[in-house]
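Report on the structure given below.
The values are calculated or read from the model by the stated rules, or taken from the named source; none is laboratory data. From a predicted model like this one, the values you see are computed outputs, not experimental measurements. Ideal geometry is used to build each Cβ from the backbone, glycine not excepted, and the neighbour counts take in all protein chains shown.
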Amino acid sequence: MTQRTIIRNAHVVTVDAADREHSDGYVVIDDAVIVAVGGGPVPNEWTDERTRGAGGGGLNGDSARASSSSNNNNNETTVIDARGHLVTPGLINTHHHLYQWLTRGYAQDAILFDWLTALYPLWSRIDAELVEAGALGAMAVAARSGCSTVGDHHYVFPSGAGDILGGIVNAARTLGVRLHATRGSMDLGQSRGGLPPDFAVETIDAILAASDLAIDRYHNPNAGAMTQVALAPCSPFSVTADLLRESAALGRARGVRLHTHGSETVEEDAFCLEKFGRTPTQYLEDLGWLGDDVWMAHCVHLDAHAIGRFAATGTSVAHCPSSNARLAAGIAPVPAMLDAGVTVGLGVDGAASNESGQLGSEIRMAVLMNRLGAGAGRMTGRTALRMATMGGAKTLGRGAEIGSLEVGKLADVAVWKVDGVEHAGILDPVAALTLGAQPPLALLLVNGEAVVRDGELTRVDERDVAHAVARASGALRLR
């Protein structure tokens, strides 16, 4: 049976290569794949006998359905009248630390190094059960902000904590969102000149073995994958050169992507210059950590030479404007990166350095922060929306499958209400999302299936998720 979904009468922003928009547009989905996108009335070839005579449903759960026995198949069609709504690709979060949902509100006025020092002891007491509860809460909030794909960077694996990565995967499956999980790592403790305490790090052998196992268990290399795995040593100040070098070799041998933090703060730059005699970019490039299979978080302090190296090697960036502001890290030179041809996606970053956890609001923050850094004309709302969608898809290596509304792509679609009291009468519906208060999310589809409807999660009881997060946060504090 084919499940067809027709979204019509909406302002459709495709984010395709030509930046096509349709002020009165439609999107047609068969099962998990987009089969038609355009402007004006839906062509008859898509509104066939299955939907003739069926009333158009709204976004309140009363979608019209009609059946046909053509070709001896039982087919079902849902027609959604989306007047007063904006339709975009599902948003893509390229950098998160989901477990930190349990430790929001700590070290509120600290810079990065002080913030990490305050939280490492708490994080060293997590386990798989607690992380799953935190990840479910964090991804629930991300989904309610229009996020269909979550990139997570997990790098704390206490001894005896169980299958932490498995807990994160389970949480994503429960919600129905795509997950790009990473098997992160730290092996450079304080006794060897690193920032994390010795009890929070692992040995290289243990890390590489666990990384190999994580790929075997959870990485799906196929088109349409709901879960993929990357390898992600944490940062230049928490891992050794040997771990960076060997993780890159393992990741490339197994065909998975690579991720780390880079050039986040002036303190990190000073650390690398003092310890290695090089900038973070120079140090990472020497170890094989620039390339079209690599994305780095933050990159706040890239100079012109570093931006040129990122562009020349195809290295991508996860821009995290709210976290950068929360930790006073600085304003990343995103317009200069884009001008040079660097692929940039958006990220929430750790929930303990961005207590909001909403990717939708990062679009507006990206516009405002980068205008402060480079001028009003250097960052448009549509540029930021592209970073949150197609930029994120390319950053995660999924540009051929998600990130835009085009025929043949997976049906990850966000539908935003822009005719309510917050946005009614706005000249440009896109500005409602990119400059205004975040519009209510009427519908979020992942693979054509509703994950959020009328602002509420469809697969879990939000009260249960909230209670589980509160219990897990309390249990972690007691530890």
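Please go through (1) in contact with a Leu (Cβ under 9 Å, 6 or more places away or on another chain); (2) modelled with pLDDT of 95 or more for L195 and return the number of the only condition it doesn't satisfy.
(2)
For A318, are the conditions met, namely being crowded, with 24+ Cβ neighbours inside 10 Å and either in contact (Cβ under 8 Å) with a residue 60 or more places away in the chain or in a helix (DSSP H, G or I) (or both)? Explain how you work it out, then say what you get.
Details: crowded, with 24+ Cβ neighbours inside 10 Å: yes; either in contact (Cβ under 8 Å) with a residue 60 or more places away in the chain or in a helix (DSSP H, G or I) (or both): yes.
Considered against the rule, which asks whether it is crowded, with 24+ Cβ neighbours inside 10 Å and either in contact (Cβ under 8 Å) with a residue 60 or more places away in the chain or in a helix (DSSP H, G or I) (or both), A318 comes out as yes.
Can you spot a residue in the range 184-199 that is under 28 Å from A32 (Cβ atoms), within 22 Å of the chain's Cα centre (by Cα) and buried (at least 22 other Cβ atoms within 10 Å of the Cβ)?
Initial filter on the range 184-199 (under 28 Å from A32 (Cβ atoms)): none.
No - not one qualifying residue is present in the range 184-199.
Could you identify the single residue in G341, G347, G308 that is at positive phi and either touching a strand residue (DSSP E or B) at 6+ places or on another chain (Cβ under 9 Å) or surrounded by fewer than 17 Cβ atoms within 10 Å (Cβ to Cβ) (or both)? Spell out how you get there, then give the answer.
Numbers: G347 fails: at positive phi; G308 fails: at positive phi.
On inspection, the qualifying residue turns out to be G341.
Got at least one residue in the range 160-181 being farther than 22 Å from A32 by Cα, in contact (Cβ under 8 Å) with a residue 40 or more places away in the chain and part of a loop (DSSP other than H, G, I, E, B)?
Within the range 160-181, none of the residues are farther than 22 Å from A32 by Cα, in contact (Cβ under 8 Å) with a residue 40 or more places away in the chain and part of a loop (DSSP other than H, G, I, E, B).
In the list A329, A340, A376, which residue meets the criterion of being under 19 Å from C234 (Cα atoms) and more than 20 Å from the chain's Cα centre (by Cα)?
Working: A340 fails: under 19 Å from C234 (Cα atoms); A376 fails: under 19 Å from C234 (Cα atoms).
Exactly one residue qualifies, and that residue is A329.
If you check R364, R471, R398, R459, which single one turns out to be more than 21 Å from the chain's Cα centre (by Cα) and modelled with pLDDT of 95 or more?
Working: R364 fails: more than 21 Å from the chain's Cα centre (by Cα); R398 fails: more than 21 Å from the chain's Cα centre (by Cα); R459 fails: more than 21 Å from the chain's Cα centre (by Cα).
It is R471.
Would you point out which residue out of E355, E274 is outside any loop (DSSP other than H, G, I, E, B) and over 28 Å from L250 (Cβ atoms)?
Working: E355 fails: outside any loop (DSSP other than H, G, I, E, B).
Going through E355, E274 in turn, just one is outside any loop (DSSP other than H, G, I, E, B) and over 28 Å from L250 (Cβ atoms): E274.
Restricting to the range 181-215, count the residues that are β-branched (V, I, T) and in contact with a Lys or Arg (Cβ under 7 Å, 6 or more places away or on another chain).
Of the range 181-215, the ones β-branched (V, I, T) are 182, 201, 203-204, 207, 215.
After this cut, where a residue has to be in contact with a Lys or Arg (Cβ under 7 Å, 6 or more places away or on another chain) as well, the list is 215.
Residues that pass the stated criteria total 1.
Looking at A107, A82, can you tell me which residue is out of contact with any helix residue (DSSP H, G or I) (no Cβ under 6 Å at 6 or more places or on another chain), aliphatic (A, V, I, L, M) and at pLDDT 65 or above?
A82
Can you find a residue that is surrounded by fewer than 24 Cβ atoms within 10 Å (Cβ to Cβ), in a helix (DSSP H, G or I) and either among the hydrophobic types (A, V, I, L, M, F, W, C) or in contact (Cβ under 8 Å) with a residue 60 or more places away in the chain (or both) anywhere in the range 223-236? Even if it seems obvious, please write down each step before you answer.
As a first pass, look at the range 223-236 and keep what is surrounded by fewer than 24 Cβ atoms within 10 Å (Cβ to Cβ): 223-228.
Retained after the next criterion (residues that are in a helix (DSSP H, G or I)): none.
For the range 223-236, residues surrounded by fewer than 24 Cβ atoms within 10 Å (Cβ to Cβ), in a helix (DSSP H, G or I) and either among the hydrophobic types (A, V, I, L, M, F, W, C) or in contact (Cβ under 8 Å) with a residue 60 or more places away in the chain (or both): absent.
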